[in-house]
1. Can you name every residue in the stretch 1-24 that is of a type in the set (A, V, I, L, M) and without any contact (Cβ under 8 Å) to a residue 24 or more places away in the chain?
2. Looking at ARG30, ARG43, ARG107, ARG99, which one is open to solvent by 100 Å² or more (accessible area, probe 1.4 Å) and either of a type in the set (Lys, Arg) or modelled with pLDDT of 75 or more (or both)?
3. For the stretch 68-88, state whether one or more residues are in a helix (DSSP H, G or I), farther than 24 Å from TYR31 by Cα and either modelled with pLDDT of 65 or more or within 16 Å of the chain's Cα centre (by Cα) (or both).
4. Considering only residues that are loosely packed, with under 12 Cβ neighbours inside 10 Å and either at pLDDT 80 or above or of a type in the set (A, V, I, L, M, F, W, C) (or both), look in the stretch 55-67 and name the one that is nearest to the chain's Cα centre (by Cα).
Amino acid sequence: MGVFAEPPGLGERGSSLFRALIKGVTDYGRYALLVEAARMADRLDELDNIIQGKGVLNLMQFRVLDKEINPDHEELNINVEVKFQNVLSEARQQQNTFRQMITDLSRGGEAKTDEAPAPAAAAETTVDDELEAAGGLGR
């Protein structure tokens, strides 16, 4: 088992999540899941900024359908097609995936079963406890 370092390039929220949960990581599989959850937290912030009109993303695609010059009026008529990407749908998908990753991390990487989880020992902490102790996710 090696020391798992915070990957470069995480934003504020992803870095906060990573630091809050890394202390419980003991294997590479859980580390990889945590790194992806941290990246997803940052991605959700970016999508939220875009939805609020604060971010920049290639949300539109333009295509010239046809153009014509009207010689009598010296005008140029151009017809274009504009397509918008569905950022709200992408945000919802990312949120659902993020929720599942956090659930998996809170189980400590255990396999999902249909059985009810065993009651937690009083000394154990949850992901929410660790995030609260770390000062939240920096939103």
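The values are calculated or read from the model by the stated rules, or taken from the named source; none is laboratory data. These numbers were taken from a predicted model, which means no experiment stands behind them. Heads up, the Cβs are rebuilt from the backbone with ideal geometry, glycines too, and the neighbour counts pull from every protein chain shown. Keep in mind that these areas ignore ligands, DNA and RNA; they rest on the heavy atoms of the full protein, side chains included. Shrake-Rupley method; radii C 1.70, N 1.55, O 1.52, S 1.80 Å.
1. If the condition is that a residue be of a type in the set (A, V, I, L, M) and without any contact (Cβ under 8 Å) to a residue 24 or more places away in the chain, then VAL3, ALA5, ILE22 are the ones that fit.
2. Criteria check complete, one pass: ARG99.
3. Checked against the condition, which is being in a helix (DSSP H, G or I), farther than 24 Å from TYR31 by Cα and either modelled with pLDDT of 65 or more or within 16 Å of the chain's Cα centre (by Cα) (or both), the stretch 68-88 yields at least one hit.
4. VAL56
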